[in-house]
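Engineer: Here you go, one structure.
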């Protein structure tokens, strides 16, 4: 008995051709530069892959796209869980599209530290925004990256810029150290808070507030309007206690309601004022340069760490030295010194 024939006898050849195209550098570089969101998504998946062939292809894609990057405004958005980040981003992103902007949203989801999985629910929560033609929403699993920020977020931003997205929104998980990393890759840092008055001031780390270029009290609607106004005044007064920013920008405190779209346009007005000021006083460009230097050093450190732990000699020696440290036969510092000395010797060979 003969097997049934395929509906399309040429399907096998078509799929083979497609797979070959997707392994081709020009397929990605041209597709990204043409603003193809499907190809952009595929390229970001390669970027996030830990497979060596994918990593090599990702480097080539970034190299091809680099001349077309760095033309966007990069905005970091953080806040405690429940503050309404996704609702705000949907309202704010829709406003930007109405202003003629092309918006990319990089929403970094918390991941399981056991399985490395993540919910990746931001496309569901931002369904209306994600379906707009000039919007690209990409949830990225945080995995084991410091502070919950996806390891490849900065490179992903570059690909989005090459695809023509002129406004990049990076949402953090809002759990602490991630804010510092996001601050090191964006031009403007927005802190979202709930109405809460003095109690809220006690619950937010000083460093996060100090990094903020705008403090925004969300959910200022209904019975919470009065409390939101009080919280805004508390933060307005607190912001004056911080030392002047290197950008010469004075951070403001505003209120908004993402659900009713109240105050959203004022947020963009503040960002435009900030960009105008920092480009005029040259801080914008110098900050971008400092960020590039920071990420160069971070990439070097990450590469050295990977090379260290993947070295077979080190992996063998590490087992013995770890046991010696656990048995108090060797101090952690002595053990580290021995391993680093061995690594240097093997690097010379």
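Engineer: Mind listing the Cα extents of segment 292-348 along all three principal axes, in Å, largest one first?
Structural biologist: Rounded to whole Å, the extents work out to 43, 21, 15 Å.
Engineer: Stokes-Einstein at 10 °C, 1.306 mPa s, Kirkwood radius from Cα pairs: D for segment 60-108 in µm² s⁻¹?
Structural biologist: Here the translational diffusion coefficient equals 123 µm²/s.
Engineer: Among 348, 273, 102, 64, what is the fewest-to-most ranking by other Cβ atoms within 10 Å?
Structural biologist: With the fewest neighbours first, 348, 273, 102, 64 line up as 348, 273, 64, 102.
Engineer: Using only Cα atoms, locate the centre of segment 30-105 and the centre of segment 316-349, then give the distance between them in Å, rounded to an integer.
Structural biologist: Cα centroid to Cα centroid, the span is 41 Å.
Engineer: Counting alpha carbon pairs within less than 8 Å and at least 6 residues apart, what relative contact order, in whole percent, applies to segment 20-65?
Structural biologist: 38
Engineer: What is the Cα radius of gyration of segment 207-255 over 2.2 N^0.38 Å, N being its residue count?
Structural biologist: 1.21
Engineer: Could you work out how much longer the chain between residue 302 and residue 128 gets when fully extended? Use 0.36 nm per residue separation minus the Cα distance between them, nm to one decimal.
Structural biologist: Result for the pair: 58.9 nm of gain on full extension.
Engineer: If you rank 167, 50 by fewest surrounding Cβ atoms within 10 Å, what's the result?
Structural biologist: In increasing order of surrounding Cβ atoms, one gets 50, 167.
Engineer: Give me the tail of P(r) for segment 20-65 as a percent: Cα-Cα pairs with distance above 16 Å.
Structural biologist: For segment 20-65, the fraction of Cα-Cα distances above 16 Å is 24 percent.
Engineer: Taking 0.36 nm per intervening residue step and subtracting the Cα-Cα distance, what contour gain separates residue 245 from residue 34 on full extension?
Structural biologist: My answer for the length gained is 72.1 nm.
Engineer: Given labels modelled 7 Å from the Cα in the Cβ direction, how far is it in nm from residue 99 to residue 320?
Structural biologist: 6.3
Engineer: Stokes-Einstein at 20 °C, 1.002 mPa s, Kirkwood radius from Cα pairs: D for segment 225-349 in µm² s⁻¹?
Structural biologist: The estimated diffusion coefficient comes to 107 µm²/s.
Quick note: the coordinates plus some simple rules give every number you see, no bench work behind them. Predicted model, so just to flag it, every value in this text is computed and none were measured. Reconstructed Cβ throughout: ideal geometry from the backbone, glycine too, with neighbour counts over all protein chains shown.
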